[in-house]
Amino acid sequence: MKSQRFDFVADDYHLPAILHAAGKSSITCGLEGISSRLRSYLHKSLDERSIRSSLNILLRAPLRELKIFLIATGLEDESDYEELKELLTFINEAMVSAGRKPRIIFSLTPLVRFPFTPLEFEPAPECSHLKAIIEQVGRLIRCRGFEFRTAAEIPEYAVSQILSRAYRPEIM
């Protein structure tokens, strides 16, 4: 019950009520990419209809808090930021429509390209590039009245990326 999938919520609108009856007033959902293009890149099969439908359901539920997890891929561009802005606007409009204002927290973490995954051999972006992306996403989110945090700082990302790609024991 720690986290839910947006598409599951969209398919079962009773889920928030069931979670609330079980004492959950905080729900966490993984959006991952900030745009449909990046969700596709991350192999997150989550369409815009499911996202918006589930957000409408969640924002009408008696929630105290909604946490949304995002992943910074290093591939974000202006079109991705525009799509994120549209989603943030939608969330604000949905809260007004629902007459509720739960605490909404976006948590962003840099993508670590782990071994034995489809992105294993893809080059990892430079830390300065990821930092700029994280700052831009954070500005957009805070500007629209939501909370923003990073799940991992850039130095942690760098160390984890190095360790995950350590092919020789002496590197570890």
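Considering only residues that are free of Cβ contacts under 8 Å to residues at least 60 places away in the same chain and hydrophobic (A, V, I, L, M, F, W, C), which ones fall in the stretch 72-94?
LEU75, LEU84, LEU87, LEU88, PHE90, ILE91, ALA94
Scanning the stretch 64-77 for residues that are among the charged types (D, E, K, R) and over 14 Å from the mean Cα position of the chain (by Cα), which turns out least open to solvent (accessible area, probe 1.4 Å)? Please lay out each step first, then the result.
Of the stretch 64-77, the ones among the charged types (D, E, K, R) are 64-65, 67, 76-77.
Now narrow it down to the ones that are over 14 Å from the mean Cα position of the chain (by Cα): 64-65, 77.
Numbers: ARG64: 135, GLU65: 11, ASP77: 63 Å².
By that ranking, first place goes to GLU65.
Of the numbered conditions (1) modelled with pLDDT under 90; (2) under 14 Å from the mean Cα position of the chain (by Cα); (3) open to solvent by less than 20 Å² (accessible area, probe 1.4 Å), ALA61 satisfies every one except a single condition; which is it?
(2)
Against the definition (at pLDDT 85 or above, under 11 Å from ALA72 (Cα atoms) and in contact with a helix residue (DSSP H, G or I) (Cβ under 7 Å, 6 or more places away or on another chain)), how does PRO125 come out, yes or no? Give the derivation first.
Values: at pLDDT 85 or above: yes; under 11 Å from ALA72 (Cα atoms): yes; in contact with a helix residue (DSSP H, G or I) (Cβ under 7 Å, 6 or more places away or on another chain): no.
So PRO125 does not fit the description; no.
Name, by its number, the condition in (1) in a helix (DSSP H, G or I); (2) at pLDDT below 95 that does not hold for LEU66.
Looking at each condition in turn, LEU66 falls short on (1).
Could you say whether any residue in the stretch 109-124 is open to solvent by 100 Å² or more (accessible area, probe 1.4 Å) and touching a residue at least 24 places away in the same chain (Cβ under 8 Å)?
Checked against the condition, which is being open to solvent by 100 Å² or more (accessible area, probe 1.4 Å) and touching a residue at least 24 places away in the same chain (Cβ under 8 Å), the stretch 109-124 yields at least one hit.
Report yes if TYR81 is under 27 Å from VAL9 (Cα atoms) and of a type outside the set (D, E, K, R), otherwise no. Talk me through it step by step, then tell me what you get.
On the way: under 27 Å from VAL9 (Cα atoms): yes; of a type outside the set (D, E, K, R): yes.
Spelling it out, TYR81 is indeed under 27 Å from VAL9 (Cα atoms) and of a type outside the set (D, E, K, R).
Here's the yes/no breakdown for (1) open to solvent by less than 80 Å² (accessible area, probe 1.4 Å); (2) outside any strand (DSSP E or B); (3) at pLDDT 95 or above:
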| site | (1), (2), (3) |
| --- | --- |
| SER79 | yes, yes, yes |
| LEU84 | yes, yes, yes |
| PHE90 | yes, yes, yes |
| GLN136 | yes, yes, yes |
| GLY145 | yes, yes, yes |
| ARG149 | no, no, yes |
| ALA152 | yes, yes, no |
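Starting from the stretch 134-151, keep only residues that are touching a residue at least 12 places away in the same chain (Cβ under 8 Å), then list their pairs with residues that are of a type outside the set (Asp, Glu) and in a loop (DSSP other than H, G, I, E, B) whose Cβ atoms are within a distance under 9 Å, requiring at least 6 positions of separation or different chains.
Partner pairs satisfying both residue conditions: VAL137/ILE34; LEU140/ILE34.
Would you be able to tell me the number of residues in the stretch 33-58 that are more than 18 Å from THR89 (Cα to Cα) and either buried (at least 20 other Cβ atoms within 10 Å of the Cβ) or in contact with a strand residue (DSSP E or B) (Cβ under 6 Å, 6 or more places away or on another chain) (or both)?
Our first condition is that a residue be more than 18 Å from THR89 (Cα to Cα); within the stretch 33-58, this holds for 37-46.
Right, trim to either buried (at least 20 other Cβ atoms within 10 Å of the Cβ) or in contact with a strand residue (DSSP E or B) (Cβ under 6 Å, 6 or more places away or on another chain) (or both) and you get 38-39, 42, 44, 46.
Residues that pass the stated criteria total 5.
Taking GLN161, is it outside any strand (DSSP E or B), out of contact with any helix residue (DSSP H, G or I) (no Cβ under 8 Å at 6 or more places or on another chain) and under 19 Å from GLU32 (Cβ atoms)?
Values: outside any strand (DSSP E or B): yes; out of contact with any helix residue (DSSP H, G or I) (no Cβ under 8 Å at 6 or more places or on another chain): yes; under 19 Å from GLU32 (Cβ atoms): yes.
Judged against the criteria, GLN161 is a match.
The values are calculated or read from the model by the stated rules, or taken from the named source; none is laboratory data. From a predicted model like this one, the values you see are computed outputs, not experimental measurements. A quick note on method: Cβ atoms are made from the backbone with ideal geometry, for glycine too, and the neighbour counts reach across all protein chains shown. Just so you know, the surface numbers come from the protein's heavy atoms only, side chains and all, with ligands and any DNA or RNA stripped out. Shrake-Rupley method; radii C 1.70, N 1.55, O 1.52, S 1.80 Å.
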